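Q: Okay, here's the structure, questions in a sec.
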Amino acid sequence: MSLNNSLLRLSPLLIFIAFTACSHRSARPNSEEILILQSAMKNLSSEYSNPRLVTGELSVSVKNIFKLSNDALIESNQNKSIQDEQPPALHIWSSDIRDYPTQRVLSESTIQPEPAHRFDDSEYGNQILYWNPLVQHEADFTISRKFRYITYDYRPDVDKVAERRHWNQIPQDILDNYTRVERFLEQDDALIDTVFRLLENIADPVSQAEAIYNWVQRSMTYIYPPEQRGVKNAFETLKGDCGQYSALFMTMCRIAGIPARQQSGFNFVPENTGAHVWSEIYLPVKGWVPVDATRKNGFLFLDNKRLITSIGLNIPLQHTPSWATFGNSEVEDSRTDFMQMYTLASCGIEATYSSTRRVLRSVELP
């Protein structure tokens, strides 16, 4: 029986009581939560352990919205390199909370207000939510998402010999999409030479990825914020935050012919809801497996303290206005760099933006 089917066998009333009646301040799971966690572990391999049941909330608020007009609108548009006659506009996108191998979302999740449109991005499979507040609402605008999910520690059992033997069976579309050069993941001669020297005497791809992980761990110094986003700056300075660690690791893997992509989200436990990104590499036998280049134990391991929100860099978006660029918005050429909380494109308005992340309840099996 699949995990989803196991959860469906639980009483809806039982799930509702556990969802609404608990506070994260309680140190131990109650009997209903123990049942849910135990059911979640049925038929899972030993690669998954330590299930955590989490109730959370993400919210985005846009307040004090003021639409510019006449000369003030023209001046604002000119300052943002937008056509003078472009009327005020506001676009908001966010990636929905969905299932991943280490994350199972329970059915009582809610979104208010309902988005104007939902769509799947064609490249990474993210489920994108879209709001157009100036059309949907005239006053203050708050998006609230409440959700409940189970997450696990995940340490895939990887057989290096088997992965090497089956390496030529990686689907061509995976190789094409995740070993290529793209924005923020540029491949220059100096970095290519570094990868070739590092891997000169390492044969199997899993050991190559581990050598790259160790090199990034040894060579990078963590700073926040970085001077500039992208692997070029990460390699030149060997400094940066989790995004820079991830970009450098992914690009070095891609140079070596190892498919790699980004996974974005948050640390999501009561004491830490900070934004975080990490990487995945593709293996022909195991599929996508995690690598967190900023963590000492991050090679082929992901802990149960995460909330995953999206996959990939340069994520395609629908409804993007032609005037939006990274100079005036978080979208350019109908793509955003990555998605954690929300992505914004606006012109001709003044507003106050804020966002909050809250862990309402977080429990593990005793």
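FYI, it's all coordinate maths here, none of it is from the lab. All figures in this text were calculated on a predicted structure; none of them were measured in a lab. When we count neighbours, we look across all protein chains shown, and the Cβ atoms used for this are built from the backbone with ideal geometry, even at glycine.
Q: Around Arg148, what is the net charge, scoring Lys/Arg as +1 and Asp/Glu as -1 over all other residues with Cβ under 12 Å from its Cβ?
A: Counting the neighbours of Arg148, the net charge comes to +2.
Q: Find which of Ser354, Pro366, Trp131 sits farthest along the positive direction of the dipole of the chain, computed with +1 on the beta-carbon of Lys and Arg, -1 on that of Asp and Glu, about the Cα centre.
A: Comparing the listed Cα positions along the dipole, Pro366 ranks first.
Q: In nm, to one decimal, how far is the Asn43 label point from the Gln318 one, both placed 7 Å along Cα→Cβ?
A: Going by the 7 Å Cα→Cβ label model, 3.2 nm.
Q: Here is a follow-up. Hey, can you rank 34-43, 271-280, 75-84 by average C-beta count inside 10 Å, highest first?
A: Per-residue mean Cβ counts within 10 Å order the peptides as 271-280, 34-43, 75-84.
Q: While we're looking at this one, here's another question. Using only the alpha carbons, work out the radius of gyration and Dmax of the range 35-169 in angstrom.
A: When restricted to Cα atoms, the range 35-169 yields Rg and Dmax of 22.3, 68 Å.
Q: Which lysines, on any chain, are close to Lys305 with Cα under 27 Å apart, when same-chain ones fewer than 8 places away are left out?
A: Once the sequence-local lysines are set aside, what remains near Lys305 is Lys42, Lys146, Lys239, Lys286, Lys296.
Q: Here's a follow-up. With unit charges on the beta carbon (Lys/Arg positive, Asp/Glu negative), name the residue among Leu283, Gln172, Val158 whose Cα is farthest towards the positive pole of the charge dipole of the range 156-300.
A: Val158
Q: Could you tell me the ratio Rg/Rh of the range 156-300? Both radii from Cα atoms, Rh via Kirkwood.
A: Expressed as Rg/Rh, it is 0.96.
Q: Taking the highest mean first, how do the peptides 88-95, 359-366 order by number of other beta carbon atoms within 10 angstrom per residue?
A: Put in order of decreasing packing, that is 88-95, 359-366.
Q: So, one more: As an exercise, take the mean of 1/r over every pair of distinct alpha carbons in the range 127-235, invert it, and state the Kirkwood radius in angstroms.
A: 18.9 Å
Q: Separate question: Charges only on Cβ, +1 for Lys and Arg, -1 for Asp and Glu: so what's the dipole of the range 156-300 about the Cα centre, in debye to the nearest 20?
A: Approximately 120 debye in magnitude.
Q: Cβ under 15 Å from Arg295's Cβ, Arg295 left aside: what net charge do those residues give with Lys, Arg +1 and Asp, Glu -1?
A: Net local charge, Arg295 excluded: -1.
Q: Just report the Cα centroid separation between the range 69-88 and the range 219-238, whole Å.
A: For the range 69-88 versus the range 219-238, the Cα centre distance is 35 Å.
Q: When the dipole is taken about the Cα centre of the chain, and only Lys, Arg (+1) and Asp, Glu (-1) are charged at their Cβ, what size is it in debye, to the nearest 20?
A: About 1380 debye.
Q: What is the range 217-280's relative contact order, in percent, from Cα pairs under 8 angstrom and six or more apart in sequence?
A: About 26 percent, as a whole number.
Q: State, to one decimal in nm, how far the label point of Gln217 lies from the label point of Asn79, with both points 7 Å from Cα in the Cβ direction.
A: 4.7 nm
Q: Lys/Arg Cβ at +1, Asp/Glu Cβ at -1, dipole of the range 156-300 taken about the Cα centre: which of Thr273, Ser219, Leu248 is farthest positive-ward?
A: The Cα lying farthest towards the positive end belongs to Thr273.
Q: Which semi-axes, in whole Å and largest first, does the equivalent ellipsoid of the chain have when worked out from the alpha carbon gyration tensor as the square roots of 5 times its eigenvalues?
A: The three semi-axes for the chain are 34, 31, 17 Å.
Q: Antiparallel DSSP bridges in the chain: what percent, to the nearest 5?
A: 95 percent
Q: Separate question: How high is the FRET efficiency from Ile192 to Asn168, r the C-beta distance, R0 22 Å, rounded to 0.05?
A: Here the calculated transfer efficiency is 0.50.
Q: Hey, rough spin-label estimate for Ile202 and Arg358, points 7 angstrom out along Cα→Cβ, what's it come to in nanometres?
A: Calculated label separation equals 4.5 nm.
Q: Can you tell me which of 175-183, 299-307 comes out highest on packing, and rank the rest after it, using the mean Cβ neighbours within 10 Å?
A: 299-307, 175-183
Q: Per DSSP H run of at least 4 residues, take -39500 (n - 2.57); add these up for the chain, divide by its residues and hand me the 222 nm value, nearest 500 deg cm²/dmol.
A: -7500 deg cm²/dmol
Q: Still on this structure: Under 8 Å for C-alpha pairs, at least 6 residues apart: give me the relative contact order for the chain, rounded to a whole percent.
A: That works out to 27 percent.
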